[in-house]
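Scroll down for the structure; my scribbles are underneath it.
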Amino acid sequence: MQCSDVCELLSPYLDGFLKPGEQKQIEAHLKNCVGCQAQLEELRGTINLLQGLPEVTPPAAFRNELRERLQQIEQERPTDRAKAPKRAFYKWPGFMAAAAVLVVALGITGVWGSPARWFDSGEGLIAQLFSGNSSSGTVAVDNGKADRPEKQAGGTEKIVFAGKGEVKEDAPESTDFNMLMEPDGLSREDELLRDAAPPGAGVMSVPNAAPEIAADEEPRQMYMENMKGRMGGGAVAREAHLVLAVTDPEQAMNSIVEKANSYGAEVIASHGALVAGQREVDTVVLELQIPLAKFGPLWEVLNDSGRVMDSNINDILHSAADTGEEQGSPVAMVVIELKK
Amino acid sequence: MHPPDEVLVEKSKKGDLDAFEELVRRYEGKVYNMAYRFMGNHADAGDLAQEGFIRLYQALPGFRGESSFSTWMYRIVSNACRDELRRRQRQRNVSLDELAKSAAGNIPVYSAEESPEDAAERHELQQYVQQCLTSLSEEHRLVLIMREMQGLSYEEIAAALGCSLGTVKSRLNRARHALKDKIKARRELFNGEYRLSVKGGTSNAV
């Protein structure tokens, strides 16, 4: 066993989470390798430091504050829950006040080619999530109550796109989030847990909330997200982060998605942020999964797509255990922030 | 009078806030500590822990008892953590530096056999470890907090994060190495003041 292999197994070794054969191999190697012994001690020291952090106690008023907020929620809870999000959805004036959950379940074929579109010029949020989608896949849009996506006949190649509205009020001293969850929307977390997809076909982030907001509140910011899980591919071997200054974040996103697709990259998620009172999206965050082999050339293209404000790349070491679990060529996960 | 979680959950589902408050009493320590270690300061931890409990309360109707309440709780609180971090990253109104600076929430606790100097030094070390933790990615933070601080098993973490045991194993491995590297890298800035072994072990825990 090589030192690099041993190093990857030191963490489960410390937890006694290795097969007996592996355990013996590691022990035998450690006897004769000073370098790996030092690695083990450093890892152990790190764990000890973490475990040595003291427990903290919640503030004295924690439970009372929570109780008050819950009472408020109970009082505001509409008698007919099912109608609540709908009523709110139509009642809010115009675009800025709208928020909803969209869950779009569709066949795998038609997704890659086109960037998501989030915003409608009309009233409220749009159901049109993808432009130029040539897929014959089924699209189901559901506001608010969001049925759990069902498995398609034919297997696991099913993805979930979720749009998520989040409205935040500008109240610095307040601990209020003003982002109250629609109960039925949230309940799917549990269902998704139960349905945890097989590795590689999973739902990356649980679409979990449809905000319920009093009509008299003035939302100041709004975010929309479209997300889907990783779509197969091998282990994540690299993580990279890039912040670019661009003149038009939306346009830049479209252009990057197009280029990324031509390199075989896939869009995992995208989010847009805009400032109250403005139609313009002022920040876009894009998450891409890129075949590791294509990372180099595409990274250059990405860096040329705007003025680089920040970037970093981390390579991730994998243990032998990973390769059994995640099959396929290794991939890089890239998060790109496009800022105006 | 210690009704099991399941009974309290059923009552809470019907809007019994007293029952839910009992659940909060049982789990507030866990949730608050998780939020505190995730965010690195008390102000944010308080907000996040409240948010976590509100989500729990609102999600209760969907909880059908396929997992234990605590596993389900970890799942929802993890999601609250992720969402909070993403919200902040999009807003960019709190930089990592600020977060790290505001991490000074822990008041050193003196014990009988420890001098004030030792206590101060230990406190400084703990702040430093917290800063390193807060500088990791959200997934690395979550897995480390669940394993090292909340003491969850690999199986419990897998259930809470909705991933496989293999993923927990590899993610935990990466997270530990990442934290070790952060501590080492920063230690160099501190002229080797902090060592990775001996100090800060569980014997020093408060």
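The values are calculated or read from the model by the stated rules, or taken from the named source; none is laboratory data. Note that the coordinates shown come from a computational prediction; the quantities given were computed from them, not determined experimentally. Here Cβ is always computed from backbone atoms with ideal geometry, including for glycine, and neighbour counts include all displayed protein chains.
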Failed item in (1) facing chain A (nearest Cβ under 10 Å); (2) touching a helix residue (DSSP H, G or I) at 6+ places or on another chain (Cβ under 8 Å), with B:Y27 passing the rest: (1)
Among the residues of region A:233-249, is any modelled with pLDDT of 80 or more and either part of a helix (DSSP H, G or I) or on the phi > 0 side of the Ramachandran plot (or both)? yes
What are the residues in region A:291-314 that are touching a His at 6+ places or on another chain (Cβ under 9 Å) and of a type outside the set (A, V, I, L, M, F, W, C), if any? A:D310, A:S311, A:N312, A:N314
Wholly inside region B:1-98, helices (runs of 4 or more DSSP H) that include 2 or more residues that are out of contact with any Ser or Thr (no Cβ under 9 Å at 6 or more places or on another chain) and at pLDDT below 90 are B:69-91
Say whether the condition of being basic (K, R), closer than 22 Å to B:M39 by Cα and at pLDDT 85 or above is met by at least one residue in region B:160-171. yes
If I filter region A:12-19 for residues that are free of Cβ contacts under 8 Å to residues at least 40 places away in the same chain and not in a loop (DSSP other than H, G, I, E, B), do I get at least one hit? yes
What is the residue count in region A:37-68 for residues that are at the interface with chain B (Cβ under 7 Å from one of its Cβ atoms), outside any loop (DSSP other than H, G, I, E, B) and of a type in the set (A, V, I, L, M)? 5
Checking the condition part of a loop (DSSP other than H, G, I, E, B), modelled with pLDDT of 95 or more and hydrophobic (A, V, I, L, M, F, W, C), which residue from B:L179, B:L196, B:L152 passes? B:L152
Would you tally the residues in region B:47-69 being more than 7 Å from chain A (Cβ to nearest Cβ) and either closer than 21 Å to A:R67 by Cβ or buried (at least 22 other Cβ atoms within 10 Å of the Cβ) (or both)? 5
